[in-house]
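A short write-up of the structure that comes next.
The values are calculated or read from the model by the stated rules, or taken from the named source; none is laboratory data. All of these numbers come straight from a predicted model, not from anything done at the bench. Here the Cβ is made from the backbone with ideal geometry for all residues, glycine too, and neighbour counts use every protein chain on show.
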Amino acid sequence: MNETVLTVHQTSRPDGFPTAEQFTFVESALPTPAAGSALVENLYWSVDPYHREMMDDVPGGFALHTPLEGRTLGRVIASRTPRLTEGEIVFHRQGWRTHAVVTPEETRRLPHFDGVPLTAYLSVLGGTGLTAYVGLTRVARLQEGDDLFVSAAAGGVGTATGRFARLLGAGRLVGSAGSAAKVDHLVRGVGYDAAFDYHDGPTATLLREAAPDGIDVFVDNVGGEQLAAAMSALREFGRVVRIGTISQYNTPDAPPPRFNYADIVEKSIRMEGFLVSNYRDLQEELYEFAVPHLRSGRLSLDETVVDGFEHIVDAFLGMLRGRNTGKIIVRDHTRTPAALAA
């Protein structure tokens, strides 16, 4: 067992895109769990777009010079509570570190699904998949045959949204991405009917070419110009699912999107945002929906896996630059099992 712990701390606030110099790795002694807690050796880490928002000086954001938080999967290696068994794999939120002391209340025990890889619990069966599922089923209230446009469609939430929408009976699926390779993956790999690289021209023009008859639902991970274009393309009773605003995370002074606000009234458009943390009660429902499709092969994983905790900052910064396809996950390849033991 390693006798030291590595944690990642944020050392300063970014102005625009964050840099590696705004993080540092801190080494400390391996902690001993107190009564009622357990020591977990982390195996897989999730880096997510919301971490960029938390880097700013905002309520609930990251404090400087303290360990950061994030979703992670780890193995219990020392326990002082009967509720956490040594050797079991658990989900918790004390990521960005190699080890963590957790209580049972701070963890979620993972169900055993034969043939389902552990990474799925951070992608389509984790917060990423739950975001996509809630957006489609609860916010958009997706109906069979609805035509969708998804921005940042090649990211974790975007690929999950496309795959789930297809399984739920959606009509035409259109996505935007940031490169020709990602566009190709969306059409050939994920099941989108059409996709475009938003660098290739005005989004309104590109969307009109991809969805000439308009759309019923816009799942928005980006905001900005893509939100404005979608508002024009929405049909009567269209719905906008607001998930994120990637286009403004690193450019807070960018002007807000401009569109005809009268469309909201005249086309009876509904726009709604949500926090997935308010829908954790749907976790079991997500399992019931997604796991059979994972087992049958109808649902595939879109993941970019980075080996080595020492690369977690680079993985995070690369995600902000769009260098991943699907959900980006960091793994300790020296210790990680492929799946939960039966």
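Criterion applied to Glu53, Glu27, Glu88, Glu21 was being of a type outside the set (A, V, I, L, M, F, W, C) and under 22 Å from the mean Cα position of the chain (by Cα), and the one residue passing it is Glu53.
Tell me, yes or no, whether the stretch 172-188 has at least one residue that is buried (at least 24 other Cβ atoms within 10 Å of the Cβ), within 16 Å of the chain's Cα centre (by Cα) and modelled with pLDDT of 95 or more. Yes, because at least one residue in the stretch 172-188 is buried (at least 24 other Cβ atoms within 10 Å of the Cβ), within 16 Å of the chain's Cα centre (by Cα) and modelled with pLDDT of 95 or more.
Pairing residues of the stretch 256-272 that are farther than 16 Å from Arg239 by Cβ and modelled with pLDDT under 85 with residues that are outside any loop (DSSP other than H, G, I, E, B) and not aromatic (Phe, Trp, Tyr), at Cβ distances under 7 Å and at least 6 apart in sequence or on separate chains, gives Pro257/Gly224; Pro257/Glu225; Pro257/Leu227; Pro257/Ala228; Arg258/Ala228.
Every residue, every condition in (1) surrounded by fewer than 16 Cβ atoms within 10 Å (Cβ to Cβ); (2) part of a loop (DSSP other than H, G, I, E, B), yes or no:
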site	(1), (2)
Ser268	yes, yes
Asp281	yes, no
Glu285	yes, no
His311	yes, no
Gly322	yes, yes
Val330	no, no
Thr334	yes, yes
Pro337	yes, yes
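Reported count of residues in the stretch 204-219, each being surrounded by fewer than 24 Cβ atoms within 10 Å (Cβ to Cβ) and within 22 Å of Pro49 (Cα to Cα), is 0. Taken as a whole, the stretch 295-308 holds no residue that is touching a Leu at 6+ places or on another chain (Cβ under 6 Å), within 19 Å of Ala153 (Cα to Cα) and free of Cβ contacts under 8 Å to residues at least 60 places away in the same chain.
Taking Pro31 as the residue in question, decide whether it is assigned to a loop (DSSP other than H, G, I, E, B), touching a Leu at 6+ places or on another chain (Cβ under 9 Å) and of a type outside the set (Gly, Ala, Ser). So Pro31 passes the test. Inspect the stretch 316-324 for any residue being within 20 Å of Leu73 (Cβ to Cβ) and at pLDDT 95 or above and give the result as yes or no. Checked against the condition, which is being within 20 Å of Leu73 (Cβ to Cβ) and at pLDDT 95 or above, the stretch 316-324 yields at least one hit. Residues in the stretch 255-266 that are assigned to a loop (DSSP other than H, G, I, E, B) and either of a type outside the set (Phe, Trp, Tyr) or not assigned by TED's automatic domain parsing to the domain that holds Gly223 (or both): Pro255, Pro256, Pro257, Arg258, Asn260.
When Thr81 is tested against (1) in a loop (DSSP other than H, G, I, E, B); (2) under 15 Å from Ile312 (Cβ atoms); (3) at pLDDT 95 or above, just one condition goes unmet, and that condition is (2).
For the stretch 123-147, how many residues are in contact with a helix residue (DSSP H, G or I) (Cβ under 7 Å, 6 or more places away or on another chain) and closer than 19 Å to Ile329 by Cα? Adding up the residues that qualify gives 9. The single residue among Leu167, Leu186 that is touching a strand residue (DSSP E or B) at 6+ places or on another chain (Cβ under 6 Å) and touching a residue at least 24 places away in the same chain (Cβ under 8 Å) turns out to be Leu186. Quickly run through the stretch 283-342 and pick out the residues that are more than 24 Å from Met55 (Cβ to Cβ) and aliphatic (A, V, I, L, M). Within the stretch 283-342, Leu286, Ala290, Val291, Leu294, Leu299, Leu301, Ala338, Ala339, Leu340, Ala341, Ala342 qualify.
Of all residues assigned to the stretch 300-312, none qualifies as being farther than 30 Å from Phe25 by Cβ and in contact with a Phe, Trp or Tyr (Cβ under 9 Å, 6 or more places away or on another chain). Candidates Ala153, Ala165, Ala160: the one that is under 18 Å from the mean Cα position of the chain (by Cα) and in a loop (DSSP other than H, G, I, E, B) is Ala153.
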